[in-house]
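Undergrad: Just dropping this structure here.
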Amino acid sequence: MTDNNPTDRTGPPAPGGGRLRSAALGPLNILAIAVAAISPTTSVFLVYGSGLSSAGTGVVAAFAIGGVIALGMALCYAEVGSVFPSAGGAYTVVRRALGPVAGGVAAALFLVLGLVSTASILVAGATYLSSLVPGGLPVNWTALAMMALVTALSMGKVAPASRVAAVMLALEVTVILVFTGAAFAHWSGQTHPFTHPQAAAAPGAAPHGVGTGMTLAAVVPALFAFNGYDWPLYFAEETRGPRRTGPRAVVVAAALAVVLELLAVIAATGAIHGLGATTADASPLSLIARQVMGPTGAKILIGGVVIAMFDTGLAANLGYARVYYAAARDGMLPGPAARFFGHVSARSGVPVLGFAFLLAGNGVLCLFSSLDDLITFTGVMIVAVYLLVAVSALVCRVRDRAAPRPFRMPLWPFPPLVAIAGAVIALTQQHARDLLVALGVVLVALLAYGLLRRRLPDRGSAG
């Protein structure tokens, strides 16, 4: 694909027939999708409680560390994305830089991620929505209904879907800014996150100091909060000028997310009244919102949070189906699966069967999984993808040094090295169960693609 001809498409049609609709998105569309995929409002309200329970007020340091890693990763994504623009995004980057077996591992990780991340977001949105309704709502069934609506919007043309995401994005940025301002205005003085981070597990419990291990345990949830800035890469084949537009959107979206989320976390932590009671609350940020904005203001805020989470679910869904499409087109999936995920609607120009698969998988998890389990597992899987992409950025700069690079990361090789070190250290502090499941996915993919290596496309083939 080149920037000179916006109608160019990468690679042949997928086995299922059809191509993605080229040049359908401009720079603002792509940036809106990226920020919506990150969703600072969704991210903070989704993972703050997990970070607070793991690290107490050290959650501020965890988000700061996660922000540094995220910015390093964004630079990696931007550079290799400008070299290998494709709907496969990170999967294509890994395949083209490290070879088809590593690319197969990335594809397998995305296959699992697509089935859990949207569910985690929508279960959280349904939980907040239930709190606004007298008598509550059945959270799991509400999440399933939201997933069905997300799927319906995803099935249409991508440009209208991106405009829906942009409208909801404007609302959610307003929400996070209002909450941040209100929290800063009600700084309690009871916590000292910068000089003396503390944790307290229960109301009335004496606070205790936060160690390095506790802080690092909260880094993975923080990375999950920042995740999504790579989303412009998955729309490369539908974007005007993808080699420049996509990478710039990646970096801008990551920077916006780090600033907005870190400010919100600092403000929320500084506004805490009673660390033990806040940590023990099922929704710490809702409690803080009621304290700093009053009951009515908190309800309006939570309504905005629900919209933000729906917007994030939509943006996430749009991207994952495109990764499946790219893997099918590249010959990385067996025949029936390739024809299924490679099918593109002639009317809308989107991979509709991929969306149907996402509806089925996420729908099951919406009904039967808990929010905490989904968040921690998703975070570990995301960090595994980060490691592959960061290594790809190092290898690509050396091996493919003659390839055109419309975007070159500054300070190379420090951004990928920082990202790799931070990701490895954060993984050492995670639950053994999540690590074992992620390792199992990687090992199964390595074995399967290793055995099929001779049938896979070469590293250098376009995709």
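The values are calculated or read from the model by the stated rules, or taken from the named source; none is laboratory data. If you're wondering where the values come from, they're calculated on a predicted model, not measured in any experiment. Here the Cβ is made from the backbone with ideal geometry for all residues, glycine too, and neighbour counts use every protein chain on show.
Undergrad: Could you list, in sequence order, the residues of the stretch 81-91 that are assigned to a helix (DSSP H, G or I) and under 18 Å from Ala249 (Cα atoms)?
TA: Within the stretch 81-91, Gly81, Ser82, Val83, Ala90 meet the criteria.
Undergrad: Okay, next question. Out of all the residues in the stretch 344-352, is one or more surrounded by fewer than 24 Cβ atoms within 10 Å (Cβ to Cβ), closer than 19 Å to Ala185 by Cα and among the small types (Gly, Ala, Ser)?
TA: There is no residue in the stretch 344-352 that is surrounded by fewer than 24 Cβ atoms within 10 Å (Cβ to Cβ), closer than 19 Å to Ala185 by Cα and among the small types (Gly, Ala, Ser).
Undergrad: Somewhere in the stretch 149-158, is a residue of a type in the set (Lys, Arg) and not in a loop (DSSP other than H, G, I, E, B)?
TA: No, that holds for no residue.
Undergrad: Within the stretch 171-190, which residues are under 30 Å from the mean Cα position of the chain (by Cα) and modelled with pLDDT under 90?
TA: Leu171, Glu172, Val173, Thr174, Val175, Ile176
Undergrad: Something else now. Of all residues in the stretch 50-59 being buried (at least 24 other Cβ atoms within 10 Å of the Cβ) and out of contact with any strand residue (DSSP E or B) (no Cβ under 9 Å at 6 or more places or on another chain), which is modelled with the lowest pLDDT?
TA: Ranking the candidates gives Gly51 first.
Undergrad: Here is a follow-up. Does at least one position in the stretch 300-312 carry a residue that is more than 19 Å from Ser39 (Cβ to Cβ), polar (S, T, N, Q) and assigned to a helix (DSSP H, G or I)?
TA: Within the stretch 300-312 (the criterion being more than 19 Å from Ser39 (Cβ to Cβ), polar (S, T, N, Q) and assigned to a helix (DSSP H, G or I)), the answer is no, since none of the residues qualifies.
Undergrad: Okay, next question. Restricting attention to the stretch 407-414, does a residue exist that is surrounded by 21 or more Cβ atoms within 10 Å (Cβ to Cβ), more than 16 Å from the chain's Cα centre (by Cα) and modelled with pLDDT of 85 or more?
TA: Yes, because at least one residue in the stretch 407-414 is surrounded by 21 or more Cβ atoms within 10 Å (Cβ to Cβ), more than 16 Å from the chain's Cα centre (by Cα) and modelled with pLDDT of 85 or more.
Undergrad: Out of the residues in the stretch 348-382 that are polar (S, T, N, Q) and out of contact with any His (no Cβ under 9 Å at 6 or more places or on another chain), which is modelled with the lowest pLDDT?
TA: Out of the qualifying residues, it is Ser370.
Undergrad: Checking Gly297 against (1) surrounded by fewer than 24 Cβ atoms within 10 Å (Cβ to Cβ); (2) small (Gly, Ala, Ser); (3) under 30 Å from Arg96 (Cα atoms), which test does it fail?
TA: (3)
Undergrad: Could you list all residues from the stretch 301-348 that are among the small types (Gly, Ala, Ser) and over 17 Å from Ala165 (Cβ atoms)?
TA: Within the stretch 301-348, Gly303, Ala326, Ala327, Ala328, Gly331, Gly335, Ala337, Ala338, Gly342, Ser345, Ala346 meet the criteria.
Undergrad: If I ask for residues that are in contact (Cβ under 8 Å) with a residue 12 or more places away in the chain and in contact with a Ser or Thr (Cβ under 8 Å, 6 or more places away or on another chain), which ones from the stretch 126-142 would you list?
TA: Correct list: Ala126, Thr127, Tyr128, Leu129, Ser130, Ser131, Val139, Thr142.
Undergrad: Which of the residues that make up the stretch 218-252 are modelled with pLDDT under 85 and surrounded by fewer than 24 Cβ atoms within 10 Å (Cβ to Cβ)?
TA: Arg240, Gly241, Arg243
Undergrad: Looking at the stretch 144-170, which of its residues are modelled with pLDDT of 85 or more and farther than 24 Å from Glu237 by Cβ?
TA: Answer for the stretch 144-170, where residues must be modelled with pLDDT of 85 or more and farther than 24 Å from Glu237 by Cβ: Leu144, Ala145, Met146, Met147, Ala148, Leu149.
Undergrad: Take the stretch 424-438 and flag every residue that is in contact with a helix residue (DSSP H, G or I) (Cβ under 9 Å, 6 or more places away or on another chain) and of a type outside the set (Lys, Arg).
TA: Val424, Ile425, Ala426, Leu427, Thr428, Gln429, Gln430, His431, Asp434, Leu435, Val437, Ala438
Undergrad: Moving on. For the stretch 94-125, give me the residue count where each residue is at pLDDT below 90, touching a Ser or Thr at 6+ places or on another chain (Cβ under 8 Å) and among the β-branched types (Val, Ile, Thr).
TA: The qualifying residues number 3.
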